[in-house]
Amino acid sequence: MMQQLVLDMGLATGPSLKNYCVGSNEPVVAHLKLWLGHAGTTRRSPVPSYLWGGNACGKTHLLQATRAALLALGASSGWLDAGVQVAPEFDESWSCVLMDDVHAFSTAQQQLAFNWFVHAQTLQIAVLASGSLPPADLRLRDDLRTRLGGGHVFALQALSEPERRAVLRQAADARGIALSDEVMDFMLTRFSRDLGSLMELLDLMDGYALQTRRAITIPLIKAMMDNS
């Protein structure tokens, strides 16, 4: 049930650059904000960008946040990840091509990604991609791998344990929540350690505490899960 609760969270607010917990990744966030900041132009930089890092460093969050920001500006984008089985045809009106988890692309997906990359570069459309490894270490076809590493490359760092705790403490304080060390230890050991899921858990706990007029304690969290 704990796992299901975490899986059910995160739908209320979508990924954005604003709700991304930066940690040591300020350079990549600044880069994306600068690129997106050319809202009044149709000529954003076409130089590709590649983000890489391990689990829970926010690669997918940043790509989805960029997609959402473009949509808010009235711009469309192409999306391809390892779970996409039937992708749309390349659209020349796209402002950007987004490719997530390229390290897991199948042979067919690599062919499609290469074709999209060639079209994008021909039309001066940017490509933003992510993977678990630096470009040189990706086990992909050579022509795709070299293109992924041909522009801006950023190594993302996951938040450290102290940084996770500091962010949770700050978020709790902002909500007026008294979050004990015992409760925080419970959150970090019994639930997903992904910070986005932890922040959504904090929202759920806050709402349940207000509804039941109880302080946030481990018994309250267990009762919330039992009633979910």
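The values are calculated or read from the model by the stated rules, or taken from the named source; none is laboratory data. Remember, predicted model here, so these are calculated numbers, not experimental data. Cβ coordinates were reconstructed from backbone atoms using ideal geometry, including for glycine residues, and neighbour counts include every protein chain displayed.
Observations, loosely collected:
- Tally, over the range 51-100, of residues that are under 18 Å from LEU32 (Cβ atoms), assigned to a loop (DSSP other than H, G, I, E, B) and among the acidic types (Asp, Glu): 0
- Pick from the range 79-100, criterion farther than 16 Å from LEU62 by Cα and acidic (Asp, Glu), ranking: surrounded by the fewest Cβ atoms within 10 Å (Cβ to Cβ): GLU89
- Close contacts from the range 132-149, counting a first residue that is in contact (Cβ under 8 Å) with a residue 60 or more places away in the chain and under 15 Å from SER49 (Cβ atoms) and a second that is basic (Lys, Arg) and crowded, with 18+ Cβ neighbours inside 10 Å, with Cβ to Cβ under 6 Å and a gap of 6+ residues or different chains, come to PRO135/ARG145.
- Residues of the range 48-78 classified as closer than 23 Å to ASP137 by Cα and surrounded by fewer than 19 Cβ atoms within 10 Å (Cβ to Cβ), total: 4
- Conditions (1) touching a residue at least 40 places away in the same chain (Cβ under 8 Å); (2) assigned to a helix (DSSP H, G or I); (3) over 20 Å from the mean Cα position of the chain (by Cα): number failed by VAL167: (3)
- Single residue of the range 125-147 satisfying the filter (among the hydroxyl-bearing types (Ser, Thr, Tyr) and outside any loop (DSSP other than H, G, I, E, B)) that is surrounded by the most Cβ atoms within 10 Å (Cβ to Cβ): SER130
- Evaluating ARG193 against the criteria (1) surrounded by 19 or more Cβ atoms within 10 Å (Cβ to Cβ); (2) in a loop (DSSP other than H, G, I, E, B); (3) not hydroxyl-bearing (Ser, Thr, Tyr) leaves one unmet condition, (1).
- Residue-level check: of (1) closer than 27 Å to ALA104 by Cα; (2) modelled with pLDDT under 85; (3) outside the structural domain of GLY151 (by TED's automatic domain parsing); (4) touching a helix residue (DSSP H, G or I) at 6+ places or on another chain (Cβ under 8 Å), SER16 misses just (2).
- Residue within the range 103-124 that is touching a strand residue (DSSP E or B) at 6+ places or on another chain (Cβ under 6 Å) and in a strand (DSSP E or B) present: no
- Yes/no for SER45 being at pLDDT 95 or above, surrounded by 11 or more Cβ atoms within 10 Å (Cβ to Cβ) and in contact with a helix residue (DSSP H, G or I) (Cβ under 8 Å, 6 or more places away or on another chain): no
- Residue list for the range 50-87, filter: more than 15 Å from the chain's Cα centre (by Cα), of a type outside the set (A, V, I, L, M) and closer than 24 Å to ASN115 by Cα: SER76, SER77, GLY78, GLY83, GLN85
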